[in-house]
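Structure first, then comments.
The values are calculated or read from the model by the stated rules, or taken from the named source; none is laboratory data. If you're wondering where the values come from, they're calculated on a predicted model, not measured in any experiment. Ideal geometry is used to build each Cβ from the backbone, glycine not excepted, and the neighbour counts take in all protein chains shown. Just so you know, the surface numbers come from the protein's heavy atoms only, side chains and all, with ligands and any DNA or RNA stripped out. Shrake-Rupley method; radii C 1.70, N 1.55, O 1.52, S 1.80 Å.
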Amino acid sequence: MKDYIHSDPLIIERGEGIKLYDIQGRAYYDGFSSVWLNVHGHNVPELNKAITDQLGRVAHSTLLGMANVPAIELAEKLTLIAPKGLNKVFYSDSGATGVEIAIKMAFQYWHNQGAREKKTFITMKQAYHGDTIGAVSVGAIPLYHEVFRPMLFPSHVIPYPYAYRHEGDETKAMEATISALRHLLETRGEEIAALIVEPIVQGAGGIVVMPPGCLREMADLCRKHDVLLIADEVATGFGRTGAMFACDLEAVSPDLMVIGKGLTGGYLPVAATLATDDVYNAFYADYEEQKTFFHGHSFTGNPLGCAVALASLKLFEDRSLIEGVRMKASFVEQKLRALQDRPYVGEIRQKGLMIGIELVRDKVTRQPYDWEERIGVRATLRARELGMLTRPLGNVMVFIPPLVSTETELDAMTDILAESIISVTEGG
Ligand SMILES: *Cc1c(COP(=O)(O)O)cnc(C)c1O
């Protein structure tokens, strides 16, 4: 707050397309999709109309013991587009609540079947699953999570295959992950309820892309050892990586999948936890058996949010948005190639339209910038001056543009990105 109060705070008044406008009328590209949410841009007529149409019917009605029309229609749609086997939908209102639901469901799934010893979780180093206490317990970013350690339940942490910080060797990095997972499953498998993972791209940990085949192998190991797989697709879902879900990239079907962020096109707070029939059936019993999943939020399955999510998914189809993402991603990749030779650019990581650029003090030794230098923050402030908003992750510059961004817009945004990086690293 001290930094914020002494800064000139940015106050957004409106949005149009992929630009946001502040109260002085200055325009900015939304270079991080308003924290990784936005899909179709801002103030989109089709999405606005879906909300106002629904508003003319009902703004909210509970899902506790009843249903509403858009929540049913959206659930049906989600089961059609999700990885196969995910036939059941449990709504909530943020990625973190969706994660809480997944971990509680995984725990109670085993409990209901008498496997009471299966109660711990495996997570990955630098994992981020949201900021509520359960989600933090399966999180592993020391800067955000360490202070709360005494409040958390313990989880097993396996290495994330972060090849750049593993001497640049993808094979070795992946082997370290797989062998740690295999060892844990072989020795402690009977105590473990689930593995939770950000599939293919670890987001808040620094936009770190897994080596090909890693997710597939992790999924196979879990299946073999009777441990559930929870895919946290909150950041990667809805086209961001060039597939509808990152799990699709390796034909992985998790037991539980959490979605949020882009679900409503980034318009309203709706999240969901999808489950297989097998998970669902572990709770399906006579009242007397007391197998109920006791969990609910006041705004669960909000009709306005579900209506806009349906309209967003229709736009995905009408505009063949995902094929577009793949083309745009290769355009961005080519444009950023020039940055690779810059003296302080350590690594450019990208999957689809999810890009992280790790800045380093020494390119040869890969020595990071000291955190006190706030290199990411400074590059971000420079980008803002140049007309683009983003938010860094430590020394990693983040570029996560709305999926609808055109090549012309991506061209302008990548120019700003490059200039902001060069000016703070080389410009003194
Ligand atoms: C953002 C994020 C969350 C948390 O979502 P909120 O809606 O902010 O609670 C969880 N997992 C991942 C991978 C995320 O990127």
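The residues packed around ALA176, meaning those with a beta-carbon under 12 Å from its beta-carbon, carry a net charge of 0 if Lys and Arg are +1 and Asp and Glu are -1.
Here's the list of lysines a cross-link from LYS49 could span, going by alpha-carbon distance under 16 Å and ignoring same-chain residues fewer than 8 apart: LYS314. I'd like the distance separating the alpha-carbon centroids of the stretch 257-321 and the stretch 386-428, in whole Å. After rounding, the separation between the Cα centres reads 33 Å.
For the stretch 49-318, compute the orientation-averaged projected area of the C-alpha convex hull (one quarter of its surface), in nm². Walk me through the intermediate numbers first.
Details: hull surface 58.2 nm².
Result: 14.5 nm².
Solvent-accessible area assigned to carbon and sulfur over the stretch 3-155 amounts to 60 percent, based on a 1.4 Å probe.
Within the listed set GLU358, GLU288, GLU407, the Gaussian network model of the chain (springs between alpha-carbon atoms below 10 Å) gives the highest mean-square fluctuation for GLU288. In summary, the aspartates and glutamates within cross-link reach of LYS335, defined as a Cα separation below 14 angstrom excluding same-chain residues under 8 places away, comprise GLU407, GLU409, ASP411, ASP415, GLU419. The fraction of accessible area contributed by carbon and sulfur in the stretch 160-276 is 51 percent, rounded to a whole number (1.4 Å probe; ligands and nucleic acids excluded).
Considering only the other residues whose Cβ falls under 12 Å of the Cβ of MET124, what net charge follows from Lys and Arg at +1 and Asp and Glu at -1? Its environment carries a net charge of -1.
Calculated [222 nm] ellipticity per residue, helices only, for the chain: -11000 deg cm²/dmol; basis is -39500 (n - 2.57) per DSSP H run with n ≥ 4, divided by all residues, nearest 500.
If R0 is taken as 45 Å, the Cβ-Cβ distance between TYR4 and GLN334 corresponds to a FRET efficiency of 0.75. Counting charges near GLU426 (Lys, Arg +1; Asp, Glu -1) among other residues having Cβ under 13 Å from its Cβ returns a value of +3. Comparing PRO150, PRO212, PRO254 in a Gaussian network model of the chain (Cα springs below 10 Å), the most mobile by mean-square fluctuation is PRO150. Take the Kirkwood radius over Cα pairs of the stretch 280-428, plug it into Stokes-Einstein at 20 °C and 1.002 mPa s, and you get 117 µm²/s for translational diffusion. The relative contact order of the stretch 185-240, computed from alpha carbon pairs under 8 Å that lie at least 6 residues apart in sequence, is 47 percent.
Hey, what's the chain come to in accessible area per residue, 1.4 Å probe, Å²?
On the way: 19110 Å² over 428 residues.
Computed with neighbouring chains in place, this is 45 Å² per residue.
Among ALA96, ALA251, ALA272, the largest mean-square fluctuation in a Gaussian network model of the chain (Cα springs under 10 Å) belongs to ALA251.
Within the same chain, lysines fewer than 8 places from LYS224 are excluded, and of the rest, those with a Cα less than 28 Å from its Cα are LYS84, LYS88, LYS104, LYS118, LYS119, LYS125, LYS172, LYS291. The mean sequence separation of alpha-carbon pairs under 8 Å and at least six residues apart, normalised by the residue count of the chain, gives a relative contact order of 22 percent.
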